[in-house]
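Working notes, beginning with the structure itself.
The values are calculated or read from the model by the stated rules, or taken from the named source; none is laboratory data. All of these numbers come straight from a predicted model, not from anything done at the bench. With ideal geometry, Cβ positions are generated from the backbone for all residues, glycine too; neighbour counts draw on all protein chains shown. To get the accessible areas, we keep the full protein, side chains included, count just its heavy atoms, and leave off ligands, DNA and RNA. Shrake-Rupley method; radii C 1.70, N 1.55, O 1.52, S 1.80 Å.
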Amino acid sequence: MAAPLSSPVFPISASRSSFSSSKLKNYSFNSAFSSYSFCPIGYNSRSAPPCLSRKLYRVHANLLQDNEDKVGVEESFQTKTSSQDEVKGSSGEPSESPSSSTLESWVIKFEQSVNVLLTDSVIKILDTLYHDRNYARFYVLETIARVPYFAFMSVLHLYETFGWWRRADYLKVHFAESWNEMHHLLIMEELGGNSLWFDRFLAQHIAVFYYFMIVFMYIVSPRMAYHFSECVESHAYSTYDKFIKAQGDELKKLPASEIAVKYYTGDDLYLFDEFQTSRPPNSRRPTIENLYDVFLNIRDDEAEHCKTMKACQTHGNLRSPHSYPEGEFKDEAICVLPQADCEGVVDCIKKSVSTKQI
């Protein structure tokens, strides 16, 4: 099993975090990742245990105060043992050696450094081309932001074809995320963000390249792909948050987008609830009265995406919010039925071969 690893931002262990919220806010690092404090380090689970404690896996995330530009994610893992430790300890399986843990830690640091470099490169391009064209920037950003969810689903469908994957919750949640991002894109188009040919050309060609890059990344390391998507979503949150603070008074005078009103206040909000895995269904019902409310909710959507992407970095941690019995979203324990799944193509092939030999 993979031992709990330390994050350059928040320590990820298998027990409840010993940091108070005040300590988390004051926690700082002089590292290459300081500007990406939202980026976590997760650990791997090689199998789906028969019964897991939800308390061990519940990821709580809260938006920081209005004067802050980042999403704070607080892990509620306990501090002594992970669920993997408990399951494997009870089955008598040996824990992973310190050398393996150290190697994985370096691999994760490498993955994150690559993700930060790629994200920074895209941000610099957008800052150069769209420093004074907000709606066009948002159009490009939303065109790019929804691509990873298509890539995730493509790879998961491929794994299903080979019998390597049987976790429908991932497909449901990722589709709901793409549905949410699609409506963000439609809103930006309604506001004129795609009026210039150059903006459409740039956004669509970046999206094509981005799709194949994420497919390859997701096949090799789902953890890395989810972390990269978290970096993108956190940048989107920060971008909308700054825009709201700078243009808030003007936005309150403008009428709301018709697409936004239909999406956020419609009768069928199943998919709207589905991508928000950190909260129970029906717990968020936006009020849309003006354009300020539209962008406020888009910003909050990005924060929810960021939380979900962070949760996905712990293998097998994602579950549809609609899959819990009514009134039991916050139960302490749940039982997970064994399902066929794997983490990356190498793990899939390894499990497929070992299963045939048995």
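Step through the table entries LYS172/LYS252; LYS109/LYS310; LYS172/LYS245, compare each Cα-Cα distance with 24 Å, and write down the pairs that go over it. Walk me through the numbers on the way to the answer.
On the way: LYS172/LYS252 34 Å; LYS109/LYS310 15 Å; LYS172/LYS245 34 Å.
Listed pairs above 24 Å: LYS172/LYS252; LYS172/LYS245.
Set the Förster distance to 41 Å, then compute FRET efficiency between GLU289 and PHE212 from the Cβ-Cβ distance, nearest 0.05. That pair, GLU289 with PHE212, gives E of 0.50. Only Cα sites of the stretch 183-305 enter the Debye sum here, all with the same form factor; the resulting log10 I(q)/I(0) across q = 0.14, 0.17, 0.22 1/Å is -0.75, -1.07, -1.38, listed in q order.
Students often check this: by mean Cβ neighbours within 10 Å, which of 247-257, 289-299 ranks highest, and how do the rest follow? Numbers along the way, then the final one.
On the way: 247-257: 13.7, 289-299: 19.9.
Result, highest mean Cβ count within 10 Å first: 289-299, 247-257.
The peptide list 306-315, 121-130, 149-158, 178-187, put in order of mean Cβ contacts within 10 Å with the highest first, becomes 306-315, 178-187, 149-158, 121-130. Mind checking the dipole of the stretch 152-191: about its Cα centre, +1 per Lys or Arg Cβ, -1 per Asp or Glu Cβ, Debye to the nearest 20? So the dipole magnitude of the stretch 152-191 works out to roughly 320 debye.
In this simple spin-label model, placing a label point 7 Å from the Cα along the Cα-to-Cβ direction at both HIS205 and ASP268 gives a separation of 3.7 nm.
When the convex hull of its Cα atoms is viewed from all sides, the stretch 100-171 shows a mean projected area of 7.2 nm².
Carbon and sulfur together cover what percent of the accessible area of the stretch 98-254 at a 1.4 Å probe radius?
Carbon and sulfur together cover 68 percent of it.
How much net charge surrounds MET182 when only the other residues with a Cβ under 11 Å from the Cβ of MET182 are counted, with Lys and Arg +1 and Asp and Glu -1? Before the final figure, lay out each step's value.
Details: positive: ARG146; negative: GLU142, GLU177, GLU181, GLU189.
Once all neighbours under 11 Å are counted, the net charge is -3.
Multiplying the residue separation of THR102 and LEU196 by 0.36 nm and removing their Cα-Cα distance gives an extension gain of 28.9 nm.
Cα-based values for the stretch 161-235, radius of gyration first and Dmax second, are 15.0, 45 Å.
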